[in-house]
Amino acid sequence: MTTASTGVASFAAAASFSLRFSATPRGARLARRLASHQLDRWGWPYRTPVHHAVELVVGELAANAVTHGRVPGRDAELRLAHDGAGRVLVEVSDVRGERRPVLAPDGRRLAEDGRGLALVAALAEEWGVAERSRAPGKTVWAVVAPGPHQHVP
């Protein structure tokens, strides 16, 4: 995991997309679907490795936000950005800053919590958690980069 000061601050976005979504399972599914659509618009077609990786990361972080960061009546937020060099930044924010994500302990594949974050860690070049700057809560972020033989739009 990388701190926000080295991960998010060093990301120079060429284009971005943001969406507030209801902190419900339906809202998380919508966030994942709209992120998928936005990636296609940016030039990462459906069924490509980067598209799949970002879609999975968004799905996991959005599901975590609505499961562990939900406060009734408050929305969660998704932000996507790309840097023009093929890296995609995913940020999902919720209002429960005191509930930090925790990776499953090593060797505990059957642990109830943290298994999805292991997926995020495996798919992302770096990821981390930061306090929200203009609102209460936290932002969990991940940077997904293309592999050596993947398409960069």
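The values are calculated or read from the model by the stated rules, or taken from the named source; none is laboratory data. This is a predicted model, so every value here is computed, not measured. Cβ: placed from backbone, ideal geometry, glycine included. Neighbour counts: every protein chain shown.
Give me a count of the residues in region 66-106 that are part of a strand (DSSP E or B) and not hydrophobic (A, V, I, L, M, F, W, C).
Of all residues in region 66-106, those part of a strand (DSSP E or B) come to 75-82, 88-94.
Going one step further and asking which of them are not hydrophobic (A, V, I, L, M, F, W, C), we end up with 75, 77, 79, 82, 91, 93-94.
Of the residues in that region, 7 qualify.
Suppose we filter Leu117, Leu78 for residues that are modelled with pLDDT under 90, of a type outside the set (Gly, Ala, Ser) and buried (at least 19 other Cβ atoms within 10 Å of the Cβ); which single one remains? Spell out the reasoning first.
Numbers: Leu78 fails: modelled with pLDDT under 90.
From the options Leu117, Leu78, the qualifying one is Leu117.
Which one of these does Ala23 not meet: (1) surrounded by fewer than 17 Cβ atoms within 10 Å (Cβ to Cβ); (2) at pLDDT 80 or above?
(1)
Can we say Trp127 is surrounded by 14 or more Cβ atoms within 10 Å (Cβ to Cβ), at pLDDT 95 or above and within 23 Å of Gly27 (Cα to Cα)?
Values: surrounded by 14 or more Cβ atoms within 10 Å (Cβ to Cβ): yes; at pLDDT 95 or above: no; within 23 Å of Gly27 (Cα to Cα): yes.
Considered against the rule, which asks whether it is surrounded by 14 or more Cβ atoms within 10 Å (Cβ to Cβ), at pLDDT 95 or above and within 23 Å of Gly27 (Cα to Cα), Trp127 comes out as no.
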